[in-house]
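Just below is one structure, and these are the notes that go with it.
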Amino acid sequence: MTDATDTDTDTGTPLLDHWVGGAPWRGDSERTGPIHNPATGRVSGRVRLASAADVTSVVARAAEALPGWREASVARRQGVMFSFREILNARKDELAEILTAEHGKVLSDALGEITRGLEVVEFACGSGHLLKGDYSDNVSTGVDVYTLRQPVGVVAVISPFNFPAMVPLWFLPVALVSGNAVVLKPSEKDPSAADWIARALAEAGLPDGVLNVVHGDREAVDALLDAPEVRAISFVGSTPIAKHIYERASANGKRVQALGRAKNHMLVLPDADLDLAADAAVNAGFGSAGERCMAVSVLLAVDSIADALVDKIAERMAGLRIGDGTRGCDMGPLITREHRDKVAAYLDVAASDGARIVVDGRGVVPDGDADGFWLGPSLVDRVPTSSAVYTDEIFGPVLSVVRVSGYEEGVAVIEAGPYGNGTAIFTNDGGAARRFQREVRVGMVGVNVPIPVPVAYHSFGGWKASLFGDTKAYGPQGFAFYTQEKAVTSRWLDPSHGGINLGFPQHD
Ligand code: NAD
């Protein structure tokens, strides 16, 4: 944890406060939640859980800070991002340690997450061109039309446990550089990264109250959805909650982008390089213990190469080291004991649904504390598409293999699924790849790239039940979401403009 300012009097563990108005804040709620170290299974701290009344106070503080920040020049706002970029880059190891201690992902992966967040900060530093308007000269005699892009106001970001730094950094740089005031509600499971980011932004010169972090659970989220001053909501999490967020916030007249679940397929055609495809499947299936919304969770293997591909993947899995993320292992623990047990139970379902468990992660011997939330990587072949192993987002280190007769059946399987976050094709056939990228109904597509997360100057988001709302995260769409356009029609009067005419304005 970062230097939490309080201690839980009952347990003596550190207690993480909210960050409001540029300082730690306790709020009035007495409720707190545990923070675990997933690699030891022990409680390492506690976090405050805000009441609805606490959220009202935090939103009011953001609304108070808004006018000053909205009026700050683009250069001043970008200057804060430049300074934040330097701090984040210089001290990313510190943040990575926090991620590993609360999420469990291995240190190298934590650094990778921060680097992808840093990309968005760098993008925001130079994105003045996305805040500028258009100008049309003399659209009618002596009349000009131009547009301004103005901030939306107070906006809220609600983030999930699996990327405690990167997901907030998908949104904060764009929202802040656009002149909005932000309330961030991070996951209560690993909340300290958000606190670290808020403190670093304060150090970078962000005025007090422009970014506030409120910790909490459903009560805090619902209060944000209902707060009249909050004009826009960015949410990332599971699909049922994303749908709830979208419906409730939209009904309250807010802009919403709510990113949800995924079940990402990797289609391997017979002409692919099977060694490279096997490497990619292992990396994308088991990195971060499969707790990535862009993880490959289903391998669609064409029958003629399926046996060979499964063998190659199993060989590679035998070499993976599972354990404490600080010890140079390949894969860490899962986020909670309950989640580990839930993911492990899918292996029983697989067996009873007639799938073949090629590698069973339940017997893993980790390099770490016996009480950690461990589950080794598992490979399950011949998974029926009717099985819950296929239909559910498992969100753990379980890679399913579904055998298909060829390209057409592979695409048909993807098409039939409810989600459309990411997908990839592995092939050396340019024509097949081109056809795939054009016809598959998925928001982010990889061609021989298993985790196709777009760079910061494109935008991130899925299709179908993976995204509710019209705009994606960061990139140009992030700026569209966090600004509203105003069109000005202007003329400087001279005597020739006089006279009465009640007709609808026309141009001449
Ligand atoms: P989650 O839905 O449980 O929680 C997300 C956020 O919602 C947290 O801040 C949490 O406190 C809050 N929340 C939880 N229950 C709530 C409720 N009933 N009402 C209101 N708010 C509630 O998700 P998670 O387990 O933290 O994260 C994993 C999920 O996020 C996976 O489904 C994953 O696919 C998804 N995810 C999607 C993307 C994407 O880009 N599509 C990216 C990352 C994660």
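None of the figures in this text is laboratory data; all of them are computed from the coordinates on show. Just so we're clear, the structure is a prediction, and the values are computed from it rather than from any experiment. Here the Cβ is made from the backbone with ideal geometry for all residues, glycine too, and neighbour counts use every protein chain on show.
Things to note:
- Close amide H contacts of ASP367 (hydrogens built in the peptide plane, cut-off under 5 Å, sequence separation of 5 or more or a different chain): ILE322, GLY323, ASP324.
- Rg and Dmax, both from the Cα atoms of the range 1-95 and both in Å, are 16.9, 48.
- Per-peptide packing, taken as the mean over residues of other Cβ atoms within 10 Å, places 136-144, 477-485 in the sequence 477-485, 136-144 from highest down.
- Listed peptides 399-405, 163-169 by packing density, highest first (mean Cβ within 10 Å): 163-169, 399-405
- Highest mean first, the peptides 67-74, 319-326, 275-282 sorted by other C-beta atoms within 10 Å per residue fall in the order 275-282, 319-326, 67-74.
- Separation of the ASP470 and ARG248 label points, Cα + 7 Å toward Cβ, nm: 2.4
- Residues whose placed amide H lies under 5 Å from that of LEU211, excluding near-sequence neighbours: VAL182
- Using the rule -39500 (n - 2.57) for each DSSP H run of four or more residues, divided by the residues of the chain, the 222 nm mean residue ellipticity is -12000 deg cm²/dmol.
- Put simply, the amide H of SER140, placed in the peptide plane, has no neighbours under 5 Å, leaving out anything fewer than 5 places away on its chain.
- Taking all Cα pairs closer than 8 Å and separated by 6 or more residues, the relative contact order of the chain comes to 18 percent.
- A cut-off under 15 angstrom between Cβ atoms defines the neighbours of SER127, and their net charge, with Lys, Arg +1 and Asp, Glu -1, is +3.
- Measuring nothing but how far apart in sequence close Cα pairs (under 8 Å, 6+ apart) lie, relative to its length, the range 264-447 scores a relative contact order of 28 percent.
- Environment charge of GLU415, counting only residues whose C-beta is closer than 15 Å and scoring Lys/Arg +1, Asp/Glu -1: +2
- 3J(HN,Hα) couplings calculated from phi for the range 118-127 with the Karplus curve 6.51 cos²θ - 1.76 cosθ + 1.60 (θ = phi - 60°) are, in sequence order, 4, 4, 6, 4, 5, 4, 5, 4, x, 9 Hz; Gly and Pro show x.
- Dipole check for the chain: with +1 at the C-beta of Lys and Arg, -1 at the C-beta of Asp and Glu, and the Cα centre as origin, the magnitude is about 820 Debye.
- Charge dipole magnitude, Cβ of K and R +1, D and E -1 - the range 264-447, Cα centre, debye nearest 20: 280
- HN-Hα J in Hz across the range 184-195 - Karplus 6.51, -1.76, 1.60, θ = phi - 60°, x for Gly and Pro: 9, 10, x, 5, 6, 7, 9, x, 6, 4, 5, 5
- Pair ASP348, THR391: separation of 7 Å Cα→Cβ label points (nm): 1.9
- Percentage relative contact order, the range 371-454, counting C-alpha pairs under 8 Å, at least six apart: 23
- Three semi-axes describe the equivalent ellipsoid of the range 264-447; taken as square roots of 5 times the Cα gyration tensor eigenvalues and ordered largest first, they are 27, 17, 15 Å.
- For the range 248-260, 3J(HN,Hα) per residue [Karplus equation, 6.51 cos²θ - 1.76 cosθ + 1.60, θ = phi - 60°, Hz, x = Gly/Pro]: 5, 5, 5, 4, 8, x, 9, 6, 9, 10, 10, 8, x
- C-alpha center-to-center spacing [the range 291-332, the range 127-189] in angstrom: 38
- Furthest towards positive pole of dipole, PRO505, SER73, HIS458, structure part the chain, Cβ charges: PRO505
- Taking other residues whose beta carbon is less than 14 angstrom from the beta carbon of ASP144, and scoring Lys, Arg as +1 and Asp, Glu as -1, yields -1.
- Counting every pair of alpha carbons in the chain, the share spaced more than 36 Å apart comes to 35 percent.
- For the chain, with +1 on Lys and Arg beta carbons and -1 on Asp and Glu, the positive-most of PRO476, ALA277, GLY117 along the dipole: PRO476
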